[in-house]
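Scroll down for the structure; my scribbles are underneath it.
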2 protein chains.
Amino acid sequence: MFSLMCSLAAMPRFRWPAASSCSTSSSRSPRFQSAASASGRPGGSSAVTAVKTAHPDKIVFADMKTMDAGELEADIAFTAGADLVSVLGSADDSTIAGAVKAAKAHNKGIVVDLIGFEDKVGRANKARALGAKFVEMHAGLDEQAKPGYNLDVLLSAGEKARVPFSVAGGVNLSTIEAVQRSGADVAVVGGSIYSADDPAVAAKELKAAIV
Amino acid sequence: MFSLMCSLAAMPRFRWPAASSCSTSSSRSPRFQSAASASGRPGGSSAVTAVKTAHPDKIVFADMKTMDAGELEADIAFTAGADLVSVLGSADDSTIAGAVKAAKAHNKGIVVDLIGFEDKVGRANKARALGAKFVEMHAGLDEQAKPGYNLDVLLSAGEKARVPFSVAGGVNLSTIEAVQRSGADVAVVGGSIYSADDPAVAAKELKAAIV
């Protein structure tokens, strides 16, 4: 099943009305996900707990982007209430393995974020072999801002890798159909929702575009 | 000048007595640095402000390990009071360049952390070309835990790169002489101080070992 994840990670500041519109307009899609960043934003793991407490029926993704101490960091986020925790693909294999160990202990999942990683297909397969639930074909905001950036590179990598994957890197109303067609399991939407004049309307429109 | 930086980044929880012993036992070395992690720990940027306010004479290093939105994230940390901010070496060049842009606006510096990066020598030179103040030859806790790990790999990379560098990856009383001899500008010490029975004594002993 293809689902939509609203990312709060890139938000300059948490705007709770937007967060709320992400997670409460999900009546038609039980896997419509709410994402909380546990790193680099005020609140840390307590933000994860707050989101999970407010929306216990939603899958909460703590986008830790862990680079070291995989087991320790993932355990903190799972204990706080996260269902999914991310580790960077550029982290050492042992860091991914450690995070997977924590995920198994909590009966939860690890997402390996391939931002900045050149050989996304190879790393995606390695991440799955290490026990990741899925990988994220991800181009950062800085990469998206470069001339000639095209989301298709991510979709193509996902198709080639043949592992469960999400796509993050400029998903919007005009690209979400191609994302779904690529075989992605999750479309991660940030700016298209939180920068919209009406985030709730934007989220609903994106959901409606999923077939 | 060779200096010592006490890292709070890897601490499971901030232990302020240890932090305090890092920064107040610095009478003999004006550049004895205090490090604060602004990511993944409760407090976020307010932790940076708290450390800088308590110790305005110290160089505060916000170990953000930024992977995207380099200018935005570095600006947040510099505005909070950081003197140095780290960006991951595995981040896109444009992310490092963006963080350097923020550093220049604040008249501060960017450190490029080479954790997880295989070609540390090549990346170190690229980071300097992009405007980083120095690079960190860094092996994470997970990498250090692997059989056969040896700090010498980092020292050798630093010697070869011929750019200003710090070393992080198991610096302790028995290795700090070799770190200094390698030409490193900064020795980053975590566990050897915060896991010591008496962190203040451990910090003093490390400082005394610097010639």
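Quick notes
- Counting neighbouring beta carbons within 10 Å and listing from fewest to most, the residues B:D119, A:D75 come out as B:D119, A:D75.
- Quotient of the Cα radius of gyration of the range A:65-163 and 2.2 N^0.38 Å, N being its number of residues: 1.08.
- Per-pair calculated FRET efficiency, R0 = 45 Å: B:D57 and A:S195 via Cβ, rounded to 0.05: 0.65
- Ranked for footprinting exposure by Cβ neighbours inside 10 Å, fewest first, A:S174, B:S90, A:S3, A:S192 give A:S174, A:S3, A:S192, B:S90.
- Across the copies of the chain, B:D152 has label points (7 Å from Cα along Cα→Cβ) spaced 5.1 nm apart, shortest distance listed first.
- For the pair A:A129 and A:L72, the difference between a 0.36 nm per residue extended length and the Cα-Cα distance amounts to 18.5 nm.
- Sorted by Cβ neighbour density within 10 Å, fewest at the top, the residues A:H106, A:H55, A:H138: A:H106, A:H55, A:H138
- Kirkwood Rh in Å, taken over all unlike Cα pairs in the range A:151-211: 11.8 Å
- Calculated label separations, B:F2, copies of the chain, 7 Å along the beta-carbon direction, nm: 5.9
- Beta carbon of chain A nearest to the axis of the rotation taking A to B, residue and angstrom distance: A:S90, 2
- Under the simplified labelling scheme, the A:S174-A:K146 pair shows an inter-label distance of 2.2 nm, with each label point 7 Å from Cα along Cα→Cβ.
- Think of each Lys and Arg Cβ as +1 and each Asp and Glu Cβ as -1; about the Cα centre, that makes the dipole of the range B:123-202 roughly 580 debye.
- Shortest first, A:V201 label-point distances to identical copies amount to 6.8 nm, with the label point at 7 Å from Cα along Cα→Cβ.
Only the coordinates and a few stated rules stand behind these numbers; no lab work does. In this text the structure is predicted, and so the values were computed from the model without any measurement. So basically every Cβ, Gly included, is an ideal-geometry build from the backbone, and we count neighbours across all protein chains shown.
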